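Student: The structure that follows is given in the form of structure tokens.
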């Protein structure tokens, strides 16, 4: 496996997008920001989407006005984000993430959480 692949299903990392994990990782949101996000549903499944403000979008899902998929699986929890420089890059990344298996998505979320904890300890 090369450095340009992720452990989750050998999914190539998008060089234009940067992975995050929790809402605190998000830089201040502005109109030029584009994100791919994963929310974990009550039943343990994952929903992947695109938004310019994943924290707000997660709240919309939890209000029951989000995607049809999440309406019957409330509450949802925002567990992963990736910032992308353009809408096109974010939508492309979303397409790739949606094709991951549940296990691969779970590994991606766990890897990002582990990386975040390691970075916090290094500070």
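The values are calculated or read from the model by the stated rules, or taken from the named source; none is laboratory data. As the structure is a prediction and not an experimental result, all values here were calculated from the model. Virtual Cβ from ideal backbone geometry, glycine too; neighbours counted across all protein chains shown.
Student: Please state which of the following conditions residue 9 fails to meet, knowing it meets all the rest: (1) over 18 Å from residue 104 (Cα atoms); (2) at pLDDT below 95.
Tutor: All conditions pass for residue 9, except number (1).
Student: Turning to a different aspect of this structure: Restricting the stretch 12-45 to residues that are modelled with pLDDT under 55 and surrounded by 17 or more Cβ atoms within 10 Å (Cβ to Cβ), which is nearest to residue 86 (Cα to Cα)?
Tutor: The qualifying residue nearest to residue 86 (Cα to Cα) is 26.
Student: On to the next question. In this structure, is residue 106 closer than 20 Å to residue 42 by Cα and touching a residue at least 60 places away in the same chain (Cβ under 8 Å)?
Tutor: Values: closer than 20 Å to residue 42 by Cα: yes; touching a residue at least 60 places away in the same chain (Cβ under 8 Å): yes.
Yes.
Student: Name the residue, out of 79, 55, 109, that is in a helix (DSSP H, G or I), touching a strand residue (DSSP E or B) at 6+ places or on another chain (Cβ under 7 Å) and closer than 13 Å to residue 19 by Cβ.
Tutor: Details: 79 fails: in a helix (DSSP H, G or I); 55 fails: closer than 13 Å to residue 19 by Cβ.
The match here is 109.
Student: Right, next: Does any residue in the stretch 79-90 that is more than 27 Å from residue 102 (Cβ to Cβ) come within less than 7 Å, Cβ to Cβ, of a residue that is not in a strand (DSSP E or B) six or more places away or on a different chain, and which pairs are these?
Tutor: Pairs that qualify, where the first residue is more than 27 Å from residue 102 (Cβ to Cβ) and the partner is not in a strand (DSSP E or B), are 85/16.
Student: Looking at (1) in a loop (DSSP other than H, G, I, E, B); (2) surrounded by 13 or more Cβ atoms within 10 Å (Cβ to Cβ); (3) at pLDDT 95 or above, find the lone condition where residue 48 falls short.
Tutor: Going through (1) in a loop (DSSP other than H, G, I, E, B); (2) surrounded by 13 or more Cβ atoms within 10 Å (Cβ to Cβ); (3) at pLDDT 95 or above one by one, residue 48 breaks only (1).
Student: Filter the stretch 62-76 for residues that are surrounded by 12 or more Cβ atoms within 10 Å (Cβ to Cβ) and either part of a loop (DSSP other than H, G, I, E, B) or out of contact with any strand residue (DSSP E or B) (no Cβ under 7 Å at 6 or more places or on another chain) (or both) and give the result.
Tutor: 62, 66, 67, 71, 73, 74, 75, 76
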